[in-house]
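Please treat every number below as a calculation from the coordinates, not as lab data. All of these numbers come straight from a predicted model, not from anything done at the bench. A quick note on method: Cβ atoms are made from the backbone with ideal geometry, for glycine too, and the neighbour counts reach across all protein chains shown.
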Amino acid sequence: DSGVTQTPKHLITATGQRVTLRCSPRSGDLSVYWYQQSLDQGLQFLIQYYNGEERAKGNILERFSAQQFPDLHSELNLSSLELGDSALYFCASTTGTDEKLFFGSGTQLSVL
Amino acid sequence: SQQGEEDPQALSIQEGENATMNCSYKTSINNLQWYRQNSGRGLVHLILIRSNEREKHSGRLRVTLDTSKKSSSLLITASRAADTASYFCAIGYSGSARQLTFGSGTQLTVLP
């Protein structure tokens, strides 16, 4: 167990809908990363937050947004969902100075 | 792309044999990390090797780094069925996890 908690584990929704994925980092970790994993794109970095502030952006679509709250948990919001958004979404956390990531077990999103 | 290129994409061996996976990259790095992912689960950090190191060991894992060839190898000795997983190299272009870029992975199957 990495100590990173993601909910829900599975999510099935329809095109055009909006969903929110939640992540609780390891105790003491200030930095949260979001990744998308799909068969054709592999593991893609989406966005990073550190202590409530956005620190880095990767291949995140404008339809997607994220935030990190004062208690350090983070949410990834996906809107106007398309079939191609179906993927496994991971959250990972670090202390902020650590070089390695601790991953949650992911949220499997299926857009029908 | 700055991500690592891994080969082979898939590897199937018998229990007890050694498994070797390779990762190549294109520019200077700060560190290189290896992660394991069991089917549908989160990634687990295995080992980190810095750019000024040539070899590192962790249990049955041995990682080498050749910065002149811009490549790394992960060797798993005396493999077990439980080693069946996908293995990813992650290129660290700075001393922060923020710049970590994942390769496409090697699917290892260890047959009992």
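Things worth noting here:
- Residues being part of a strand (DSSP E or B) and surrounded by 14 or more Cβ atoms within 10 Å (Cβ to Cβ) - total across region B:8-41: 15
- Matching entry among B:L48, B:L74, B:L65 (being crowded, with 16+ Cβ neighbours inside 10 Å, of a type in the set (A, V, I, L, M), within 9 Å of chain A (Cβ to nearest Cβ) and under 14 Å from the mean Cα position of the chain (by Cα)): B:L48
- Within region B:50-99, tally of residues that are of a type in the set (K, R), without any contact (Cβ under 8 Å) to a residue 40 or more places away in the chain and under 22 Å from B:S12 (Cα atoms): 2
For every residue, the table says whether it meets (1) of a type outside the set (F, W, Y); (2) in a loop (DSSP other than H, G, I, E, B).
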position	(1), (2)
A:R22	yes, no
A:D29	yes, yes
A:W34	no, no
A:Q48	yes, no
A:S65	yes, no
A:L72	yes, yes
A:L88	yes, no
A:A92	yes, no
A:E99	yes, yes
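- Test result for B:A81, under 13 Å from the mean Cα position of the chain (by Cα) and closer than 30 Å to A:T107 by Cα: no
- A:F45, sole failed condition from (1) touching a Leu at 6+ places or on another chain (Cβ under 9 Å); (2) more than 11 Å from chain B (Cβ to nearest Cβ): (2)
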